[in-house]
Amino acid sequence: MSFKKYRSNLSIIVDILNAIKEEGRIGKSRIMQKANLSYDRLEPRIEELLRRGLIEEVVDENKLVYQLTEKGYTFLNEYQKMKAFLDAFGLEI
């Protein structure tokens, strides 16, 4: 019997931030595609990331898009360091 492994909230947040980082500025539909999320799962996380100051909303050519803040870039860098450290010991986040 195999069990389906679900992504943690942290893993989903990192996927969202990475999608935004890769594109620079990106709309919700594209984030949903790149992070493999439904709208219902994306929306509360976007609100959380905005509240925490990791992303910001920007109007670009009359379209609402998201981009990382300095704090968002710092978070991703520190997350990668932590992940590499844990991987070196065979541990998972």
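The values are calculated or read from the model by the stated rules, or taken from the named source; none is laboratory data. Because the structure is predicted, anything quoted here is derived from the model rather than measured. Positions of Cβ are backbone-derived with ideal geometry, glycine not excepted, and every protein chain shown enters the neighbour counts. SASA here: full protein model, heavy atoms, side chains in, ligands and nucleic acids out. Shrake-Rupley method; radii C 1.70, N 1.55, O 1.52, S 1.80 Å.
Residues in region 69-88: is at least one in a strand (DSSP E or B) and of a type outside the set (Ser, Thr, Tyr)?
Step one: list which residues in region 69-88 are in a strand (DSSP E or B), which gives none.
No, there is no match, as no residue in region 69-88 is in a strand (DSSP E or B) and of a type outside the set (Ser, Thr, Tyr).
I need the full set of residues from region 13-57 which are touching a Leu at 6+ places or on another chain (Cβ under 8 Å), over 14 Å from PHE75 (Cβ atoms) and among the hydrophobic types (A, V, I, L, M, F, W, C), in order please.
Correct list: ILE31, MET32, ALA35.
Taking interchain pairs and intrachain pairs at least six residues apart, which have beta carbon atoms under 6 angstrom, with the first residue in region 61-83 and in contact (Cβ under 8 Å) with a residue 40 or more places away in the chain and the second part of a helix (DSSP H, G or I) and open to solvent by 80 Å² or more (accessible area, probe 1.4 Å)?
Cβ pairs passing all conditions: LEU68/LYS21.
Just to verify a result, which residue in region 1-49, among those that are among the small types (Gly, Ala, Ser) and either under 22 Å from GLU92 (Cα atoms) or assigned to a loop (DSSP other than H, G, I, E, B) (or both), is most open to solvent (accessible area, probe 1.4 Å)?
It comes out as SER2.
What number of residues in region 50-93 are under 16 Å from GLY24 (Cα atoms), at pLDDT below 95 and surrounded by 10 or more Cβ atoms within 10 Å (Cβ to Cβ)?
1
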